[in-house]
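Nothing in this text is a laboratory measurement; each read-out follows from the coordinates by a stated rule. Note that the structure is a prediction, hence the values are computed from the model and not measured. A quick note on method: Cβ atoms are made from the backbone with ideal geometry, for glycine too, and the neighbour counts reach across all protein chains shown.
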Amino acid sequence: MSAALSRAVDLSALKARAEATNRAPAPAPDGAAPVAPAGGGGAFVIDVTEATFQAEVVERSLEVPVVVDLWAEWCGPCKQLSPVLERLAEAANGAWILAKVDVDANPRIAQVFGVQSIPTVVAIAGGQPVEAFQGAQPEPQIRQWLASLLDALRDRLPGIRAAEAGAPEPEPEPEDPRFVAAETALENGDYDGAAAAYQKILDEEPANEQAKAALAQVRFQARAEAADPSVVVRADTSPEDVDAQLAAADVEMAQGQVEKAFDRLLGAVRRTSGSDRDRVRTHLVELFGLFPADDPVVGKARRDLASALY
């Protein structure tokens, strides 16, 4: 991925643009002193423009990774992702720098990176893009991405170890009592209580991916434990029995027969209509939620579902 990304992105165009801009700065109105671009949220969060990209991103990346956050004011997911990145950048104490780029104000930067949707996050190291992801990700996943990035670059960029050596020991994050309550219910075998607790979190925070994934797991686990394995035979001999198809898919999923479970429900979608089809479709989408969004088996099943519905 890194090699392909480096080949696809040529940052020299931004360097030339910055040099041209810096050689001929625009005059300030009424003879006033020029106003510098606004800074970011702290010492390790900076706002970057086309004119400052070379110095603030490319040159800084020779010492520590620079994580470029491409965002826009109108972008809802950006407003979820950016505060997480800013908080993590400050906590890292300079082991990496967050560079925020407003793509509406700096379209050339977005063009150079080939941005097709935002938010897009690109890590620059040694003057080259090395990793990237798109979309608002859950904080645990972002932390894992950053940890892997630093591990891969620690021996190549001297500033990482220097910043880490001077960083105070991070305080453990307080546990969210809402998740604690849900997990306690789950440990006690109270699936209804755990599901209700996760649903309450989603009612308050519809975009909470951690709660969404946990709710899907709890609902599936409850159904799988209650299902009779013999229902698979009943489903195979009675394809019109929707309840049997749903239960059989859960049994197959619990046994690790993922594609078989998906194919069973896709077949049921094609055979049914009205409320029965809605039930099967909803059940299938819930099973999708048990897997990462980029899982190839899920991706194929989603495409097959779209074909079956439309």
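Quick one: Karplus J couplings for region 149-164, per residue in order, coefficients 6.51, -1.76, 1.60, θ = phi - 60°, nearest Hz, x for Gly and Pro?
Going residue by residue, I get 4, 5, 4, 6, 10, 4, 7, 9, 10, x, x, 5, 5, 4, 5, 5 Hz, with x marking Gly and Pro.
With Kirkwood's inverse mean 1/r over C-alpha pairs for Rh, give me the Rg to Rh ratio of region 228-310, two decimals please.
Working: Rg = 11.9 Å, Rh = 12.6 Å.
Expressed as Rg/Rh, it is 0.94.
Alpha carbon centre of region 80-146 versus region 244-262: separation in Å?
For region 80-146 versus region 244-262, the Cα centre distance is 38 Å.
For Ala132, what residues show an amide H to amide H distance below 5 Å, using hydrogens built from the backbone and excluding near sequence neighbours?
Ala123
How far apart, in nanometres, would the label points at Gln144 and Lys300 be if each is projected 7 angstrom from Cα along the Cα-to-Cβ direction?
2.3 nm
Ordered by residue, what ³J(HN,Hα) values in Hz, to whole numbers, does region 197-208 give under the Karplus form 6.51 cos²θ - 1.76 cosθ + 1.60, where θ = phi - 60° and Gly and Pro are x?
Karplus values, whole Hz, x for Gly and Pro: 5, 5, 5, 5, 4, 5, 4, 7, 9, x, 9, 6.
Search the structure for amide H atoms under 5 Å from the amide H of Lys100, placed 1.01 Å from N in the peptide plane, and list their residues when 5 or more places away or on another chain.
Close amide H contacts, sequence-distant or interchain: Ile46, Asp47, Val48, Asp69.
Would you tally the net charge around Phe44, using a Cβ to Cβ cut-off of less than 15 Å, leaving Phe44 out, and scoring K and R as +1, D and E as -1? Intermediate values should be presented prior to the final figure.
Details: positive: Arg60, Arg87, Lys100; negative: Asp47, Glu56, Glu63, Asp69, Glu86, Glu90, Glu164.
Local net charge: -4.
Kindly write out, for region 225-242 in residue order, the coupling ³J(HN,Hα) from the Karplus curve 6.51 cos²θ - 1.76 cosθ + 1.60 (θ = phi - 60°), rounded to whole Hz, with x marking Gly and Pro.
Whole-Hz 3J(HN,Hα) from phi for region 225-242: 5, 7, 6, 8, x, 5, 5, 5, 5, 4, 5, 5, 8, 10, x, 7, 7, 5.
Treat the count of other C-beta atoms within 10 Å as a stand-in for reagent exposure and order Phe220, Phe53 from fewest to most. Write down the numbers at each step before the final one.
Numbers: Phe220 19, Phe53 25.
The fewest-first ordering by Cβ neighbours comes to Phe220, Phe53.
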